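Asker: The structure's right below; bear with me while I get my questions together.
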Amino acid sequence: MDETPAAQLRRIVDRTIAFLEQNGVHDEALGVMREPRGLAKFSAPKLMPAGRVWRLGVLLVDRDGGVYETGDVTRAIEPFRAVTNRSAEAEARRDDRRAAARGKFPEGEVVNHRYLPLAIDDDSLLRGEGPLAVRDGVVIVHWDQRSPGRGSSTLDAYLADRASVLTLD
(Lines give C-alpha, C1' and ligand atoms only; values in the text may rest on other atoms or scores of the structure.)
Protein backbone atom coordinates (compact mmCIF):
# COMPACT_ATOMS: atom_id res chain seq x y z
CA MET A 1 0.00 0.00 0.00
CA ASP A 2 1.24 3.50 -0.83
CA GLU A 3 2.13 5.89 1.97
CA THR A 4 -0.61 8.38 2.87
CA PRO A 5 0.22 12.09 2.52
CA ALA A 6 0.14 12.56 6.31
CA ALA A 7 2.46 9.57 6.86
CA GLN A 8 4.78 10.86 4.14
CA LEU A 9 4.89 14.31 5.75
CA ARG A 10 5.50 12.81 9.21
CA ARG A 11 8.40 10.70 7.88
CA ILE A 12 10.01 13.68 6.11
CA VAL A 13 9.55 16.03 9.07
CA ASP A 14 10.88 13.43 11.54
CA ARG A 15 13.96 12.88 9.37
CA THR A 16 14.51 16.65 9.13
CA ILE A 17 14.22 17.06 12.92
CA ALA A 18 16.73 14.24 13.47
CA PHE A 19 19.16 15.89 11.03
CA LEU A 20 18.81 19.30 12.69
CA GLU A 21 19.28 17.84 16.19
CA GLN A 22 22.27 15.68 15.15
CA ASN A 23 23.95 18.72 13.64
CA GLY A 24 23.23 20.96 16.64
CA VAL A 25 21.33 23.50 14.54
CA HIS A 26 20.14 26.40 16.69
CA ASP A 27 16.39 26.81 16.94
CA GLU A 28 14.44 30.03 17.35
CA ALA A 29 11.62 31.19 19.60
CA LEU A 30 7.92 31.18 18.79
CA GLY A 31 6.01 34.09 20.23
CA VAL A 32 2.35 34.98 20.64
CA MET A 33 1.24 38.60 20.97
CA ARG A 34 -0.60 39.26 24.22
CA GLU A 35 -2.62 42.44 24.30
CA PRO A 36 -3.10 44.01 27.72
CA ARG A 37 -6.46 43.35 29.43
CA GLY A 38 -8.24 44.47 32.53
CA LEU A 39 -6.27 46.88 34.70
CA ALA A 40 -3.22 46.27 32.53
CA LYS A 41 -4.99 47.67 29.46
CA PHE A 42 -2.89 50.81 29.71
CA SER A 43 0.32 48.82 29.40
CA ALA A 44 1.84 47.80 26.08
CA PRO A 45 1.47 44.51 24.19
CA LYS A 46 4.05 41.75 24.73
CA LEU A 47 5.26 38.83 22.67
CA MET A 48 5.16 35.83 24.99
CA PRO A 49 7.08 32.56 24.49
CA ALA A 50 5.10 29.79 22.81
CA GLY A 51 7.79 27.22 21.98
CA ARG A 52 10.90 26.65 19.87
CA VAL A 53 11.14 26.01 16.12
CA TRP A 54 13.53 25.81 13.24
CA ARG A 55 12.79 28.30 10.47
CA LEU A 56 12.98 26.42 7.18
CA GLY A 57 11.96 28.96 4.57
CA VAL A 58 8.19 29.25 4.43
CA LEU A 59 7.79 26.58 7.13
CA LEU A 60 8.55 26.42 10.82
CA VAL A 61 9.04 22.99 12.40
CA ASP A 62 9.05 22.22 16.13
CA ARG A 63 10.71 19.26 17.88
CA ASP A 64 7.35 17.48 18.25
CA GLY A 65 6.74 17.51 14.49
CA GLY A 66 4.38 20.50 14.46
CA VAL A 67 4.50 22.43 11.20
CA TYR A 68 3.64 26.13 10.86
CA GLU A 69 3.49 28.63 8.07
CA THR A 70 6.15 31.27 8.67
CA GLY A 71 4.77 34.65 9.67
CA ASP A 72 6.86 37.59 10.88
CA VAL A 73 10.29 37.55 12.46
CA THR A 74 11.74 40.04 14.92
CA ARG A 75 14.42 40.30 17.60
CA ALA A 76 13.92 40.88 21.31
CA ILE A 77 15.68 44.23 21.53
CA GLU A 78 14.67 47.65 22.75
CA PRO A 79 14.76 49.69 19.53
CA PHE A 80 16.43 53.06 19.35
CA ARG A 81 14.26 56.11 18.90
CA ALA A 82 13.64 56.77 15.23
CA VAL A 83 14.11 60.38 14.22
CA THR A 84 13.78 60.18 10.46
CA ASN A 85 12.02 58.12 7.85
CA ARG A 86 9.15 56.97 10.06
CA SER A 87 7.12 54.84 7.68
CA ALA A 88 4.19 52.88 9.05
CA GLU A 89 6.00 49.62 8.26
CA ALA A 90 9.15 50.73 10.10
CA GLU A 91 7.08 51.76 13.13
CA ALA A 92 5.30 48.38 13.11
CA ARG A 93 8.67 46.58 13.06
CA ARG A 94 9.89 48.73 15.96
CA ASP A 95 6.70 47.92 17.89
CA ASP A 96 7.29 44.20 17.28
CA ARG A 97 10.90 44.44 18.56
CA ARG A 98 9.69 46.35 21.61
CA ALA A 99 6.92 43.78 22.29
CA ALA A 100 9.48 40.96 22.09
CA ALA A 101 11.79 42.83 24.47
CA ARG A 102 8.88 43.15 26.94
CA GLY A 103 8.23 39.42 26.74
CA LYS A 104 10.34 36.82 28.47
CA PHE A 105 12.94 36.41 25.73
CA PRO A 106 16.68 36.86 26.18
CA GLU A 107 18.09 40.07 24.71
CA GLY A 108 18.69 39.60 20.97
CA GLU A 109 16.62 36.39 20.67
CA VAL A 110 15.03 35.81 17.25
CA VAL A 111 11.25 35.53 17.68
CA ASN A 112 8.87 34.12 15.06
CA HIS A 113 5.32 35.42 15.46
CA ARG A 114 2.09 35.77 13.47
CA TYR A 115 2.74 32.23 12.27
CA LEU A 116 -0.06 29.82 11.37
CA PRO A 117 -0.23 26.21 12.60
CA LEU A 118 -0.79 23.96 9.60
CA ALA A 119 -3.22 21.06 9.55
CA ILE A 120 -1.16 18.06 8.43
CA ASP A 121 -3.85 15.39 8.20
CA ASP A 122 -4.59 13.65 4.89
CA ASP A 123 -7.74 15.65 4.10
CA SER A 124 -6.06 19.02 4.69
CA LEU A 125 -3.01 18.08 2.64
CA LEU A 126 -5.20 16.85 -0.22
CA ARG A 127 -7.20 20.12 -0.17
CA GLY A 128 -3.91 22.00 -0.56
CA GLU A 129 -4.74 24.93 1.69
CA GLY A 130 -1.70 27.00 2.58
CA PRO A 131 1.82 26.15 1.49
CA LEU A 132 1.41 22.34 1.64
CA ALA A 133 -0.38 20.25 -0.97
CA VAL A 134 -0.26 16.87 -2.70
CA ARG A 135 0.65 16.41 -6.35
CA ASP A 136 0.70 12.93 -7.90
CA GLY A 137 0.73 11.37 -4.44
CA VAL A 138 3.74 13.41 -3.28
CA VAL A 139 3.61 16.15 -0.63
CA ILE A 140 4.82 19.44 -2.08
CA VAL A 141 5.48 22.88 -0.63
CA HIS A 142 4.60 26.10 -2.43
CA TRP A 143 7.44 28.40 -1.42
CA ASP A 144 6.24 31.22 -3.66
CA GLN A 145 2.47 31.37 -3.42
CA ARG A 146 2.32 34.32 -5.79
CA SER A 147 3.27 32.07 -8.70
CA PRO A 148 1.75 28.62 -8.03
CA GLY A 149 3.47 25.81 -9.86
CA ARG A 150 6.68 27.73 -10.46
CA GLY A 151 7.49 28.28 -6.80
CA SER A 152 7.06 24.74 -5.54
CA SER A 153 9.03 21.57 -4.96
CA THR A 154 8.65 18.29 -3.14
CA LEU A 155 8.58 18.68 0.62
CA ASP A 156 11.42 16.17 0.89
CA ALA A 157 13.77 18.15 -1.38
CA TYR A 158 12.70 21.50 0.07
CA LEU A 159 13.31 20.57 3.72
CA ALA A 160 16.58 18.81 2.89
CA ASP A 161 17.79 21.95 1.12
CA ARG A 162 16.64 24.36 3.83
CA ALA A 163 18.10 22.18 6.62
CA SER A 164 21.46 21.86 4.82
CA VAL A 165 21.68 25.66 4.55
CA LEU A 166 21.37 25.92 8.34
CA THR A 167 24.40 23.65 8.81
CA LEU A 168 26.75 25.81 6.72
CA ASP A 169 29.39 27.65 8.73
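Asker: Over the chain, what is the mean sequence separation of C-alpha contacts under 8 Å (at least six apart), divided by residue count, expressed as relative contact order in percent?
Answerer: RCO, the chain: 25 percent.
Asker: If you don't mind, there's one more thing I want to ask. Out of the total accessible area of the chain (probe 1.4 Å, heavy atoms of protein only), what percent is carbon and sulfur?
Answerer: After summing per-atom areas, the C and S share lands at 51 percent.
Asker: Can I ask one more? Distance from the Cα centre of region 83-133 to that of region 1-34, in angstrom?
Answerer: Between the Cα centre of region 83-133 and that of region 1-34, the gap is 18 Å.
Asker: Mind giving me the nanometre distance, one decimal, between the label points for R114 and L126, set 7 Å out from Cα along Cα→Cβ?
Answerer: Taking the simple label geometry, R114 and L126 are separated by 3.4 nm.
Asker: Shifting gears a bit: Could you state the angle between the C-alpha long axis of helix 155-166 and the longest principal axis of the C-alpha atoms of the chain, as a value from 0 to 90 degrees rounded to the nearest 10?
Answerer: 50
Asker: Now for a different question. Taking the Cβ of L20 as the center, what net charge do the other residues with Cβ under 12 Å away carry, scoring Lys and Arg +1 and Asp and Glu -1?
Answerer: Result for the local shell: 0.
Asker: Placing +1 at every Lys and Arg Cβ and -1 at every Asp and Glu Cβ, with all other atoms neutral, what dipole size does the chain have around its Cα centre, in debye to the nearest 20?
Answerer: Value, rounded to 20: 1000 debye.
Asker: Given H placed 1.01 Å from N in the peptide plane, which residues other than close sequence neighbours of M48 have an amide H under 5 Å from its amide H?
Answerer: V32, M33, R34
Asker: Place the peptides 48-60, 97-109 in order of packing, highest mean first, counting for every residue the other Cβ atoms within 10 Å and averaging per peptide.
Answerer: The densest-packed peptide leads the list: 48-60, 97-109.
Asker: Could you report the accessible area of I120 in Å², rounded to 10, computed with a 1.4 Å probe on the protein chains as they sit in the structure?
Answerer: Accessible area, nearest 10 Å²: 40 Å².
Asker: Rounded to the nearest 5, what % of the DSSP beta bridges within the chain are antiparallel ones?
Answerer: Approximately 95 percent, going by the DSSP bridge assignments.
Asker: May I pose another question? Work out how much length R63 to D161 would gain on full extension: take 0.36 nm times their residue separation and subtract the Cα-Cα distance, in nm to one decimal.
Answerer: Net length gain for the segment: 33.4 nm.
Asker: Pull up all non-local amide H partners of L132: gap of 5 or more, or a different chain, and H-to-H distance under 5 Å with H placed in the peptide plane.
Answerer: When sequence neighbours closer than 5 places are left aside, the close amide H contacts are H142.
Asker: Once you treat every alpha carbon in the chain as an equal point and sum by Debye, what is log10 I(q)/I(0) at q = 0.10, 0.12, 0.16 Å⁻¹?
Answerer: With one equal scatterer per Cα and no solvent, log10 I(q)/I(0) is -0.45, -0.63, -0.98.
Asker: Of P49, G137, G65, which is farthest towards the positive pole of the chain's charge dipole, taken about the Cα centre with +1 and -1 on the beta-carbons of Lys, Arg and Asp, Glu respectively?
Answerer: P49
Asker: Tabulate in residue order the Karplus-calculated ³J(HN,Hα) for region 109-125, using 6.51 cos²θ - 1.76 cosθ + 1.60 with θ = phi - 60°, rounded to whole Hz; enter x for Gly and Pro.
Answerer: For region 109-125, the Karplus curve yields 4, 7, 10, 8, 9, 6, 7, 10, x, 9, 6, 10, 7, 4, 4, 5, 5 Hz.
The values are calculated or read from the model by the stated rules, or taken from the named source; none is laboratory data. Note that this is a predicted model, so its numbers are computed, not measured. No Cβ is skipped: glycine too gets one built from the backbone with ideal geometry, and neighbour counts run over all protein chains shown. Ligands, DNA and RNA are stripped out before the accessible areas are found, and what is left, the full protein with its side chains, is counted by its heavy atoms. Shrake-Rupley method; radii C 1.70, N 1.55, O 1.52, S 1.80 Å.
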